[in-house]
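Q: Attaching a single structure in structure tokens format; questions to follow.
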Amino acid sequence: MQAESSQLEPTPSQPPPLEQTTPRLSPVAASLLRTLFTLLIALLMGALVMWVSGKDPLQAYRALLQTSLGSRTAVANSLLAATPILFTAMAAAVAFRAGIFNVGAEGSLYLGGFAAAWVGFTFTDLPAWLILPLAFLAAGLVGGLWCYFPAVLRSRLQVDELVTTILLNYVAILFTEYLVNGPFLVPGVANAMSPQVVPAARLPRLMPPSQLNASFLLALAAALVMIYLMTRSKLGYEIRMVGDNPQFARWSGINVAGVIERVMVIGGILGGLAGAGQVLGVHYRFIAGFSSGLAFTGMTVALLVRNSPVGALLAALLFGMLRSGSATMEIMTDVPRDLIRVLEATIIFFAAIEFGSLLWRRRRER
Amino acid sequence: MTYLFMQSITKRFPGVTANDGVDLSVERGSIHALLGENGAGKSTLMRILYGMYAPDHGRIFLEGREIRIPNPRAAIQLGIGMVHQEFQLVPSLTVAENIALGYEPRRNGLVDRKTQRRQIEAILERFGFSLPLDKPIADLPVGIQQQVEIIKLLYRKAELLILDEPTSVLTPQEVEGLFAVLQTLREEGKTIIYITHKLREVKTICETATILRRGRVVGRLEVAAASEKELANLMVGEQVVDQVFPRSRQIGQERLVLKQVSALDDRGVPALREVNMTLRAGEIVGIAGVQGSGQSELVEVIGGLRPARGEIWLNGREVSRFSPRQRRQRGLAVIPEKRKEQGLNLATHIQENVISTRYYKPPFSGWLTLFTRPAEQFAGRILHEYNVAAPGVRSMVKNLSGGNQQKVITGREMIDHPEVLVAAYPTRGLDVGAAQFVREAMIGRRDQGGAVLLISADLDELFAVSDRILILYEGRIVGEKKPDETTFEEVGLYMTGHLHAG
């Protein structure tokens, strides 16, 4: 209706809104409820899909649970699958909370992964205590820088970060692919891989025979740091104010451009670390296309929990379970692992209600 | 013949009775003025007529038949149209697209552009308009945009047109144009309700007038038979004695100085033109002007939110290149114009709203961490000292009344005794008590040696609290008056560009 915007304008005769005193569900309880509801719907949808295609949903879910939590190794594998998602979920949550749509963590993940691999196969003489921090440092640096570029475009020139980061992801993915097919091609090995990193640059396994490795601990630490950052720190306050109402933040004297830049760079650093963790802990080399959308899984997680950092930590672990369980479930039952994608898609669908309001706010702010 | 009759309309909002048994009757084919000061209840009455509010009491008759108007769409179907102060146009669409928007003729489910064009051209011809139908709205001056709004109503077959302070955004030449348009509409048999608080316009264009004061009808008369003075007395009423504050006793050194400051508005059009002004300790300087004379840009330029040419000095130091925060650190505080958009974060509670200008300093935070205890105490102090009616410091700001929201902002900006306070429309939309509270807070700050720049649309307020009044017209300071040495009328002449200093 054409009258709506003027209805919202405060005018001398506009009424003060009623004071609201009705008790409500606490925000934490409400968001928990919403998350559980979304998950439940997703599981039901998955069951429906299986039932329609003539499979037994109960059996499949039992298998899923069994293979993700049923044994020490199963748990370890779930944590392994959760490791990169922890990083990327935090990257997505922090950006979303500031009202920023940073998809660039995927590109950072590739470039950071390659940087870590490069350190690992180039400085062959360094001891583990030096080469590992160096590799992660390089990964974080490259990942952060990669997102700094679109961040500056966004904060200084109002170039839409969603567009730039999506496009730059292709640049990063294809560039690393070129690197391992060209300058860093290993003769005699299947191409699209870098040389292996030296043994000193390989992260220790935590629970063999699972591939679970020390990068999980790093991811956990990073998640805790991010929880502190978003809930207790000055920057976290700034992020929340900018995300809620950038105009208010500006009028209050908060450096909105600076907050946006920091948020995007933090996302890039986390992406880079995620890549390094996969390279140094699982693959021991850079493999082209190794991520297949880990940053997007992180975004799904962040959407599911509506950017709550604690929620992101828990949901990332849950997604790890789903991912690792689905692989074995496929073997044990005849339910394909793509079912898990159905679950994730359903989650995205329901979380999209939040997603939509986020996009709406982005538009209004311009 | 009476076209519209609104009978004893009453509308109450919490704390305010906006309309109290208001009668309004309008003849077909006439221009009827709805006259009154800001807050007299004109807009509420018209929003009721346009279906935006439901009245608590009262009936509405159109051509003798009682009608109900649940929403604006129903009003449009009844032939009632409204031109709002803020135009409801889509800047990127063309004039023709805007006119037909939402009411496009269709053929086979698609917009029938040929018919649409023919219909619009027929209307233009009948009413003697010429508009660039294919130009996007964004490229057109405000006066033309207003004409587009009017044509839009005619396209929707409006018989009764409500114009809400239509000249507040227009230049004098554009006002002439508008009046010509209104004459034509009247000759074509349309009925017009003209909301205004400008007497000259009433005398020029209207035949009859209903005058509102504080939600009641205080007069209904033939304009030709009444003098401007008579109208003014009805509108303003008796001066309320307790509204006048003692003037400043001690004026000190320069606190805020603007030298040759110019700035563009969001459209890139000059909004401030070489503004010079000086604000001293212990005085309140009021800025008067019709809406859109550069007030918003002035506040933004001083606050550091809009780039400008020229120099801005704060407490003896040039701050033209300083960020908003740096200016605040030099003693500036700003009560922004838009309470809910700029002044508050509605998504969070009072505590987080009141620390937004100081969270980064001790005792609110350390090197990295934000502490909650000091914030809680600070918010509690604001609730207490500024009489905010709220259950606690963790109450969501969106659940507070407008007055209490404004008190939260006022407290945040004033509790530290800023040397320079810029207050943009700080009492807009507040009830009498809350408005008085905010005014007293500004007076208190002044008496303690603070410098206050008050931007207001309310002449009563400006006359009551200002020590000097500067008049802004088309981005220029065109006059400076002491309130005790001038009249509403004289300031009004400056505001409308009829008088210039020097």
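The values are calculated or read from the model by the stated rules, or taken from the named source; none is laboratory data. Remember, predicted model here, so these are calculated numbers, not experimental data. As a convention, Cβ positions derive from the backbone with ideal geometry for all residues, glycine included, and neighbour counts pool all protein chains shown.
Let's see how each residue does on (1) at pLDDT below 90; (2) more than 30 Å from B:L305 (Cα to Cα); (3) not acidic (D, E):
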site: B:E230; (1), (2), (3): yes, yes, no
site: B:N233; (1), (2), (3): yes, yes, yes
site: B:E238; (1), (2), (3): yes, yes, no
site: B:V241; (1), (2), (3): yes, yes, yes
site: B:I251; (1), (2), (3): yes, no, yes
site: B:K259; (1), (2), (3): no, no, yes
site: B:L264; (1), (2), (3): no, no, yes
site: B:V275; (1), (2), (3): no, no, yes
site: B:A281; (1), (2), (3): no, no, yes
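Q: When B:G292 is evaluated against the numbered criteria (1) surrounded by fewer than 22 Cβ atoms within 10 Å (Cβ to Cβ); (2) outside the structural domain of B:D265 (by TED's automatic domain parsing), which criterion, by number, is the only one it fails?
A: It is condition (2) that B:G292 fails.
Q: Quick one: B:R428 ticks every box in (1) surrounded by 16 or more Cβ atoms within 10 Å (Cβ to Cβ); (2) without any contact (Cβ under 8 Å) to a residue 24 or more places away in the chain; (3) of a type in the set (K, R) except a single one, so which number is it?
A: With respect to (1) surrounded by 16 or more Cβ atoms within 10 Å (Cβ to Cβ); (2) without any contact (Cβ under 8 Å) to a residue 24 or more places away in the chain; (3) of a type in the set (K, R), B:R428 is out only on (2).
Q: In the stretch B:307-343, which residues are assigned to a strand (DSSP E or B) and not hydrophobic (A, V, I, L, M, F, W, C)?
A: We begin by selecting, within the stretch B:307-343, every residue assigned to a strand (DSSP E or B); these are B:309-314, B:317-318, B:332-335.
Selection gives B:R309, B:G310, B:E311, B:R317, B:E318.
Q: I'd like to check something: does the stretch B:32-47 contain any residue that is more than 23 Å from the chain's Cα centre (by Cα) and within 12 Å of another protein chain (Cβ to nearest Cβ)?
A: No; the residues of the stretch B:32-47 include none that is more than 23 Å from the chain's Cα centre (by Cα) and within 12 Å of another protein chain (Cβ to nearest Cβ).
Q: Now for a separate question. Filter the stretch A:172-191 down to the residues that are farther than 20 Å from A:A105 by Cα and surrounded by 17 or more Cβ atoms within 10 Å (Cβ to Cβ) and list them by number. It would help to see each step written out before you state the result.
A: Within the stretch A:172-191, the first condition is being farther than 20 Å from A:A105 by Cα, and the residues that meet it are A:180-191.
Answer for the stretch A:172-191, where residues must be farther than 20 Å from A:A105 by Cα and surrounded by 17 or more Cβ atoms within 10 Å (Cβ to Cβ): A:V180, A:F184.
Q: Scan A:L111, A:L137, A:L153 and give me the residue that is farther than 17 Å from A:P199 by Cα, part of a helix (DSSP H, G or I) and in contact (Cβ under 8 Å) with a residue 60 or more places away in the chain. Spell out how you get there, then give the answer.
A: Working: A:L137 fails: in contact (Cβ under 8 Å) with a residue 60 or more places away in the chain; A:L153 fails: in contact (Cβ under 8 Å) with a residue 60 or more places away in the chain.
The unique qualifying residue is A:L111.
Q: Then there's this: Looking at B:V95, B:V90, can you tell me which residue is closer than 15 Å to B:I150 by Cα and either surrounded by fewer than 15 Cβ atoms within 10 Å (Cβ to Cβ) or within 25 Å of the chain's Cα centre (by Cα) (or both)? Explain how you work it out, then say what you get.
A: Details: B:V95 fails: either surrounded by fewer than 15 Cβ atoms within 10 Å (Cβ to Cβ) or within 25 Å of the chain's Cα centre (by Cα) (or both).
Answer to the check: B:V90.
This table checks each residue for (1) more than 17 Å from A:V301 (Cβ to Cβ); (2) not in a helix (DSSP H, G or I).
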| site | (1), (2) |
| --- | --- |
| A:M45 | yes, no |
| A:W51 | yes, no |
| A:K55 | yes, yes |
| A:A60 | yes, no |
| A:S68 | no, no |
| A:A74 | yes, no |
| A:S78 | no, no |
| A:P84 | no, no |
| A:A93 | no, no |
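Q: Just checking, how many residues over the stretch A:42-56 are among the hydroxyl-bearing types (S, T, Y) and surrounded by 15 or more Cβ atoms within 10 Å (Cβ to Cβ)? So that I can check it myself, show each step before the final result.
A: Taking the stretch A:42-56 as the starting set, the residues that turn out to be among the hydroxyl-bearing types (S, T, Y) are A:53.
Checking the rest, the ones that are also surrounded by 15 or more Cβ atoms within 10 Å (Cβ to Cβ) come to none.
Residues meeting the conditions: 0.
Q: Give the stretch B:344-383 a look and list any residue that's within 32 Å of the chain's Cα centre (by Cα), basic (K, R) and in a loop (DSSP other than H, G, I, E, B), or say none.
A: Passing the criteria: only B:R358.
Q: Need a quick list: helices (runs of 4 or more DSSP H) entirely within the stretch A:213-316 having at least 2 residues that are away from chain B (no Cβ under 14 Å). Working first, answer last.
A: On the way: elements: A:215-232, A:234-244, A:246-252, A:256-278, A:294-304.
Per the criteria, A:215-232, A:256-278, A:294-304.
Q: Within the stretch B:65-72, is there a residue that is more than 19 Å from the chain's Cα centre (by Cα), surrounded by 22 or more Cβ atoms within 10 Å (Cβ to Cβ) and not in a loop (DSSP other than H, G, I, E, B)?
A: No, the stretch B:65-72 contains no residue that is more than 19 Å from the chain's Cα centre (by Cα), surrounded by 22 or more Cβ atoms within 10 Å (Cβ to Cβ) and not in a loop (DSSP other than H, G, I, E, B).
Q: Which is surrounded by fewer than 20 Cβ atoms within 10 Å (Cβ to Cβ), over 29 Å from B:N276 (Cβ atoms) and within 26 Å of the chain's Cα centre (by Cα), of B:K398, B:K338? Steps first, please.
A: Values: B:K338 fails: over 29 Å from B:N276 (Cβ atoms).
Step by step, each of B:K398, B:K338 is checked, and only B:K398 is surrounded by fewer than 20 Cβ atoms within 10 Å (Cβ to Cβ), over 29 Å from B:N276 (Cβ atoms) and within 26 Å of the chain's Cα centre (by Cα).
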